[in-house]
1. Relative to the longest principal axis of the chain, what angle (0 to 90°, nearest 10) does the C-alpha long axis of helix 26-41 take?
2. Give me the angle, in degrees from 0 to 90, between the Cα long axis of helix 123-135 and the longest principal axis of the Cα atoms of the chain, rounded to the nearest 10.
3. Where the centroid of each part is defined by its Cα atoms, how far is the range 15-64 from the range 101-160 in Å?
4. Rounded, prolate or oblate: which fits the range 79-132, taking a ≥ b ≥ c as square roots of the Cα gyration tensor eigenvalues, rounded meaning a/c under 1.5, else prolate when a/b beats b/c?
5. Residues with beta-carbon under 10 Å from that of Val142, excluding Val142: net charge, scoring Lys, Arg +1 and Asp, Glu -1?
6. Run through the DSSP bridge list for the chain and note the antiparallel percent, rounded to the nearest 5.
7. When only C-alpha pairs under 8 Å and at least 6 residues apart count, what is the relative contact order of the chain, in percent?
8. Evaluate the charge dipole of the chain about its Cα centre and quote only its size in Debye, nearest 20, assuming +1 on the Cβ of each Lys and Arg and -1 on the Cβ of each Asp and Glu.
Amino acid sequence: MAIRNIREMGDPVLNKACKEVKEITDRTRELIDDMFDTMYEANGVGLAAPQVGILKRIVVIDVTGENPYLLINPVILETSGEQTGNEGCLSVPGRIGIVTRPNYVKVKAYDENLQPFELEGTELLARAICHELEHLDGHLYVERVEGELMNVSDMYEDEE
Ligand SMILES: [Zn+2]
């Protein structure tokens with residue numbers, strides 16, 4: 001297990017489409033472990049493989065710190081509703097922006113044994129699923145921001 005270097009906006013690897021995972025090797029398992037470690041270390045709620053420079057369709061999410069989800073080759077089956085709120089990304093450090101997302105998402109994915117399962121999420125989990133899946137197609141949330149991208153430090157300076 002290891003902490004991997006998180007790629008930041010401007011790195012071309014973040015704008016490439018990822019390849020489907022066809023088999024789980026020891027290297028894949030190591031990557032998954034490292035992705036969880038890297039996400040927790042950075043206090044993130046989600047991380048996609050291209051954010052650590054690997055162009056594979058693998059995402060890890062944990063919006064509570066107690067419910068880790070691994071999504072391999074995820075596909076959105078259903079969405080409904082709408083939520084508008086702040087969103088950030090480990091690849092865009094110190095920034096935040098307002099993004100509208102579905103409030104409910106149902107996704108099909110594969111686990112670490114390539115067995116299929118479905119996951120439903122609402123609110124923050126739905127937002128995280130949509131955000132992370134877009135990384136797999138080379139997209140960042142900044143493309144969807146309504147208004148300006150803000151500095152996190154500006155937002156909180158009045159509270160000190
Ligand atoms: Zn992100």
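Read the figures in this text as sums done on the coordinates, not as results from a lab. The structure presented is a predicted model; accordingly, all values stated were derived computationally and were not measured. Reconstructed Cβ throughout: ideal geometry from the backbone, glycine too, with neighbour counts over all protein chains shown.
1. 20 degrees
2. On a 0 to 90 degree scale, this one is about 70.
3. Computed from Cα coordinates, the inter-centre distance equals 14 Å.
4. Details: a/c = 4.18, a/b = 1.50, b/c = 2.80.
The shape class here is oblate.
5. Values: positive: Arg95, Arg144; negative: Glu87, Glu143.
Local charge sum for Val142: 0.
6. If we restrict to bridges inside the chain, about 95 percent are antiparallel.
7. That works out to 24 percent.
8. Working: 15 positive and 31 negative charges, 172 e Å.
For the chain, the charge dipole is close to 820 debye.
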